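Following: one structure in C-alpha cells, then a few remarks.
The values are calculated or read from the model by the stated rules, or taken from the named source; none is laboratory data. Since we're looking at a predicted model, the values are computed, not measured. Glycine also receives a Cβ, built like all others from the backbone with ideal geometry; neighbour counts cover every protein chain displayed.
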C-alpha cells in the first residue's frame, strides 16, 4: 500500500524498512493517492485534510497522543487510526522523575546561587521523597510507572483516574481519590492524563483557589491540561512551591520574564526525546504498518474511550 510519511521520522525507521525490504512502499513526497499516512505531533489531521486523501485506509500516529487527529471523522470514513503507545512511556516516566527531583532539590536555585556568587547563603531547604504526598492524575502507562517508583522510594501516593475499574485499581495497587480531594491532600501533583474536554485546563485559576497549602506541580502530558496563567498566578501568590513543565499550550513556547523564576523548571517537550524511545517508536510504527498490510490486523488502535470528549 502506498504510504505517505508526512513528518520527519528517525533514521531507525528507515533502517527498519530497509531491513525488511519495505522501502518501496514509503515516500516523504505528498501523494493524494496514499492509502496509509504516518504523522507525529505537528500535523493537525482534521476532516479537511482527511478528505484530501480519498484512498486513505489507515493513519498511524507515531507516538502516544492522538488529540491532533479527528478520529471520529476518520472512523466515519472507514479509516483506522493507530498509535505507538508503548514507545514513549519509559522515557516520559523518567523525565517526570527528573522534574520531581529538580523541584524538591531546588536545582534551579542552586544554579542561580552559584552564578550570583552567593553559594548557598539563601538556599531554601531541600525536600526528601518520604515527605511527599503525590497525586498522580492519570494512571496509564506513564502515571502507573511514576506512582510505583515514588511509592518504592517512600512517598505517599494517591491517584485520579475515572476510567479504571475496581479490578484495575487493585492490580495497580494505588489508592484512588477524587481530583479536588486529592489536591487538598497532596503536596505534589503530576499530570499524566490524555487531553480531552474534561481535562482541558484541569489545573486552572478556580482550582488554584481550592489549594489550602502550597504544592509542587508537574506536567509532562499535554500542555492544555494546565492553564499556564494559573501556574504564574500560583507562583506569584506562593500557592505553588514550584512548577515543572515539559509541555505548553502553544509550542514552541515564547518564554517571558517568568523563565528567570528559580521555582520554575521547563523543558521543550523533550519527555520522549531519548534515542531509545525514538527507536521503539520507529519499530512499533513499522509493526503497525506490517500487521495492517500483510496480516489484515489492526494493532494498537487508539483508545476510543475519550474520542467523543475530545476538544
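Some notes on this structure:
- Qualifying residue in the stretch 168-177 (condition: modelled with pLDDT of 95 or more, outside the structural domain of residue 68 (by TED's automatic domain parsing), assigned to a strand (DSSP E or B) and over 19 Å from residue 261 (Cα atoms)): yes
Matching residues to (1) assigned by TED's automatic domain parsing to the domain that holds residue 30; (2) part of a helix (DSSP H, G or I):
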residue: 50; (1), (2): yes, yes
residue: 63; (1), (2): yes, no
residue: 75; (1), (2): yes, yes
residue: 94; (1), (2): no, yes
residue: 99; (1), (2): no, yes
residue: 108; (1), (2): no, yes
residue: 130; (1), (2): no, yes
residue: 149; (1), (2): no, yes
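- Leading residue by the ranking (farthest from residue 214 (Cα to Cα)) among those in the stretch 248-265 that are buried (at least 17 other Cβ atoms within 10 Å of the Cβ) and within 17 Å of the chain's Cα centre (by Cα): 248
Per-residue answers, yes or no, for (1) under 14 Å from residue 288 (Cα atoms); (2) in contact (Cβ under 8 Å) with a residue 12 or more places away in the chain:
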{"site": "1", "(1), (2)": "yes, yes"}
{"site": "11", "(1), (2)": "no, no"}
{"site": "55", "(1), (2)": "no, yes"}
{"site": "67", "(1), (2)": "no, yes"}
{"site": "109", "(1), (2)": "no, yes"}
{"site": "113", "(1), (2)": "no, no"}
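- Residue 173 vs. criteria surrounded by fewer than 20 Cβ atoms within 10 Å (Cβ to Cβ) and at positive phi: yes
- For the condition in the same structural domain as residue 126 (by TED's automatic domain parsing), part of a strand (DSSP E or B), within 21 Å of the chain's Cα centre (by Cα) and without any contact (Cβ under 8 Å) to a residue 60 or more places away in the chain, residue 231 does not qualify.
- Selection count where residues are part of a helix (DSSP H, G or I) and surrounded by 13 or more Cβ atoms within 10 Å (Cβ to Cβ), scope the stretch 151-167: 1
- Candidates in the stretch 77-92 are the residues that are assigned to a helix (DSSP H, G or I) and surrounded by 19 or more Cβ atoms within 10 Å (Cβ to Cβ); of these, the one that is nearest to the chain's Cα centre (by Cα) is 92.
- Taking the conditions (1) surrounded by fewer than 17 Cβ atoms within 10 Å (Cβ to Cβ); (2) in the same structural domain as residue 11 (by TED's automatic domain parsing) in turn, residue 282 satisfies each one other than (1).
- Residues within the stretch 93-137 that are loosely packed, with under 14 Cβ neighbours inside 10 Å and on the phi > 0 side of the Ramachandran plot, tallied: 2
- Among the residues of the stretch 243-282, those identified as in a loop (DSSP other than H, G, I, E, B), out of contact with any strand residue (DSSP E or B) (no Cβ under 9 Å at 6 or more places or on another chain) and closer than 22 Å to residue 85 by Cβ are 251, 269, 270, 271, 272, 273, 274.
- Tallying residues that are without any contact (Cβ under 8 Å) to a residue 24 or more places away in the chain and either closer than 14 Å to residue 55 by Cβ or surrounded by 15 or more Cβ atoms within 10 Å (Cβ to Cβ) (or both) within the stretch 16-44 yields 2.
- For the stretch 129-145, residues that are touching a strand residue (DSSP E or B) at 6+ places or on another chain (Cβ under 6 Å) and closer than 17 Å to residue 217 by Cβ total 7.
- Filter result for residue 71 (more than 30 Å from residue 216 (Cα to Cα), crowded, with 19+ Cβ neighbours inside 10 Å and at pLDDT below 95): yes
- Subset tally (residues that are closer than 18 Å to residue 66 by Cβ and crowded, with 17+ Cβ neighbours inside 10 Å) for the stretch 4-15: 4
- Taking the criterion of being more than 22 Å from the chain's Cα centre (by Cα) and not in a helix (DSSP H, G or I), the residues of the stretch 283-299 that qualify are 295, 296, 297, 298.
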